[in-house]
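The values are calculated or read from the model by the stated rules, or taken from the named source; none is laboratory data. Fair warning: this is a prediction, and the values are worked out from it, not measured in the lab. Please note: Cβ atoms are built from the backbone with ideal geometry, for glycine as well, and neighbour counts cover all protein chains shown.
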Amino acid sequence: MNRPCPTSRSDLFGRTVSCDIIHERVRYRAWKTAFIFDLVGSIVPFSGITLPILLARLLILMVALSVHEFAHAWMAVQLGDPTPRRDGRLTLNPRAHLDVLGSLMFLIAGFGWAKPVRWNPWNIRIDQRWGRLLVAASGPLSNLLLAALTAWGLQITGIIPLPRSGGIWVILPSPALLIREFIFLNVVLCFFNLLPITPLDGFEVATGLLPPSLAYHFRRLAPYGPFILLLLIILPVNLLGLILGPPVTATLRLLLG
C-alpha cells in the first residue's frame, strides 16, 4: 500500500495521490522540459536562429498566440456560446492557451499553434455557417490587427528603432529586432492560419464562403488536411514559403510603406 504524502491532495474522484505518483509526475515533467530544451539546443544552431531572436520569439508567442485564441473565444461568446468562458479561455493569460509543441514550433520556424478553443455552434444566435466563419476568421484577423497597430504606431509617432549590436544586445533582443519580428510573425501567423487546410482556421473560413453544395464536398477533404499540412512543412521544396511569401510580402509593404 502506498503511503499518502503529507502534502497530497485528493483528485476529482476523491482518491489520494501517493508519493510515488507525485514523484513520477515530477520526474516526467523534468524529463519533458529537458527534452524540449535539448531539442531546441540541437536545432537552433543549424537554423540560423540567434539567442536574441529566440528570446524575441518567446515574448512574441505569448502575445500573438494568446490574442489569437482569445479572439476565437471572444467571438464565440459574443455570438451566444458560453463554452469558452466556462473553459477559462476568455482570457489573455498565456497559460490558458499555449501548447508545448506548438510553442516549440513557433520558436524554431516562426509559426505554430496553441490549444484550440472549444465552442458549440448550436449555441450561437446566427446561422451556423456564418458563425463558424466569424469564429474561425477572428483569430487570424487579430494577428493582422496586432501587426497593423504596431506598424501604424511607428508611423504616427515617427519613432524609428535603430538596430543595436554588441554589449547586452548579444543576449537580449534589441527594440528594433523585437518590433520587426513582432510585425513579421503576426503577419505570417495570419496568412498561415488562413490556409484552407484542416486543422487551420482557413478551412472553416473557406467552408463558410463557399456555396453550400460546394462546402459539403469540400468538408469531405477534412480528414486529409493534417497530412497535406505536414507535407507542406517537411518537403525539401519550400512550398509553404512559396504560398505564404507573396501575401506576407505585400502586406508588410502595405503596413510599413
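Using the structure shown, decide if ALA136 is among the aliphatic types (A, V, I, L, M) and more than 19 Å from the chain's Cα centre (by Cα). No, not satisfied.
Please tell me if VAL77 is assigned to a helix (DSSP H, G or I) and more than 12 Å from the chain's Cα centre (by Cα). For VAL77, the condition - assigned to a helix (DSSP H, G or I) and more than 12 Å from the chain's Cα centre (by Cα) - is met. Before we move on, is PRO212 of a type outside the set (A, V, I, L, M), touching a residue at least 12 places away in the same chain (Cβ under 8 Å) and more than 24 Å from VAL117 (Cα to Cα)? Yes.
Scanning segment 45-79 for residues being modelled with pLDDT of 95 or more and exposed (fewer than 13 other Cβ atoms within 10 Å of the Cβ) gives a total of 0.
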